[in-house]
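Below is one structure; the comments refer to it alone.
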Amino acid sequence: MSEWSRRTFLASVAASLVHAAEPVIDIHQHTNYAGRSDDELIAHQTKMGVTRTVLLPSGSQYGLDVGAGGNDSVVALAGRHPEKFSYFANEVPDLAGARQVLEKYLKLGAIGIGEQKFPVECDSPAIHMVAEVAEEFGVPILLHFQHAKYNMGIERFHTVLEKHPRVNFIGHAQTWWGNIDRNHQPEVMYPKTKVAPGGITDRLLSDYPNMFGDLSAGSGLNALLRDEDHAQGFLARHQDKLLFGSDCDDRVGEGAACSGSRCLATIRRLAPTAGIATKIVYGNAARLLRLKLPERRKLRRGAAQLHFADDLTFVHRTLHFTLEVIVHQLERELEWAGRLAGYDLKGDLLAVHFAVADGTLVAATGAAHLTGNGTRFLHQFNLHLGRRPGVFDVNGTGPFP
Ligand SMILES: [Zn+2]
Ligand SMILES: [Zn+2]
């Protein structure tokens, strides 16, 4: 490789790393959440690595029970930062004039309806009215299901899905997630027991193409963590139906206090393949909400332009021989990328690879030594960004020992 092309290549790699690894769409946040300011919300989302946030306003009453801001607050914030935020429209559905309020904000640019978190039956005339508006505007509805409190009667929700086959519904909250378990006790909000598959939620996701699941909040995280063996199968089974959301009100955006960042890390850790994690982290949301993703990165090497493709084998073959150089020259960027992925790579830089996931350059870590057995490295590939190592096995020779 000529000096010129090598430098160009390295610069491209560095730029990709600095822009973080992959898009993240957070479909569930609120303005004025527990008194959090807009600036604090922006800092929180940035820290989590979110590239686009969907703001869910409260209706004109109840404040979603947490003092969340209403329609005008989300329009204002998205207006100031259109590259960061999209928003839904909302109103208490059984209030007179609710339909007009929803229509007003959908015409202004809302891309969905919700968070519907109000004391109504989930199959009430009010919810059917909301579904009619959603169909008229071609947008989904996000519902908070909570036993004896909000959108009651989840066992009858299939009738709503059947009556409105062209409307997409997104389920959220304690009663939605508790019901992944066939043996769910309705009063238990955060069950810790092992999951018996085939609960109401599991069936709705399987049986109805217009039903989706929002993994946000303590309820979504709990559904994954209460039984990780079950969660892996669940993520695989519903890989086209699940959406990452945070719904946390903290101001830190990382660590134990931030359920959103924990949920993101848990999805990446438990998803059986990197491709499944990618769908849940942003692919499904982009499709469902018709959101544009950042342009795919391109990488120049000499005269040949490499389009980042989904074909990992091709990219791997192309990149492998430059990795040693990169490791030497981009030590700091690699450390940064490693920290992003939850790894302390200090002193262990030999175990860093590069990979491409759905068109995006990511740093990869694994148990391989780049300078060790070159042949093995050529035949192995660990795609890893907070995901489990050894998921990818390009040439069929098995994971690293
Ligand atoms: Zn919420
Ligand atoms: Zn948080």
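What follows draws every value from the coordinates through simple rules; no lab data is involved. These figures come from a predicted structure and were not determined experimentally. Virtual Cβ from ideal backbone geometry, glycine too; neighbours counted across all protein chains shown.
Descriptive notes on the structure:
- Ser60-His158 pseudo-label distance in nm [points 7 Å out on the Cα-to-Cβ vector]: 3.8 nm
- Mean silhouette area of segment 38-130, derived from the convex hull of its C-alpha atoms and averaged over all directions, reads 6.1 nm².
- Segments 268-277, 131-140, 86-95 sorted - mean Cβ within 10 Å per residue, highest first: 86-95, 268-277, 131-140
- Cβ-defined net charge surrounding Ala131, 12 Å radius [Lys, Arg +1; Asp, Glu -1]: -2
- A Förster radius of 41 Å combined with the Cβ-Cβ distance from Ala236 to Glu121 puts the calculated FRET efficiency at roughly 0.80.
- 3J(HN,Hα) couplings calculated from phi for segment 270-280 with the Karplus curve 6.51 cos²θ - 1.76 cosθ + 1.60 (θ = phi - 60°) are, in sequence order, 8, 4, x, 9, 5, x, 5, 4, 4, 4, 6 Hz; Gly and Pro show x.
- Local electrostatic count at Phe118 - Lys and Arg +1, Asp and Glu -1, tallied over other residues with Cβ under 11 Å: -3
- Whole-Hz couplings from phi, Karplus 6.51/-1.76/1.60, listed for segment 56-66; x for Gly and Pro: 10, x, 7, x, 6, 10, 6, x, 6, 6, 10
- For Tyr190, the shell of other residues with beta-carbons less than 15 Å away shows a net charge of +1, using +1 for Lys and Arg and -1 for Asp and Glu.
- Relative packing of 285-292, 167-174, 179-186, which averages over residues the other C-beta atoms within 10 Å, highest first: 167-174, 179-186, 285-292
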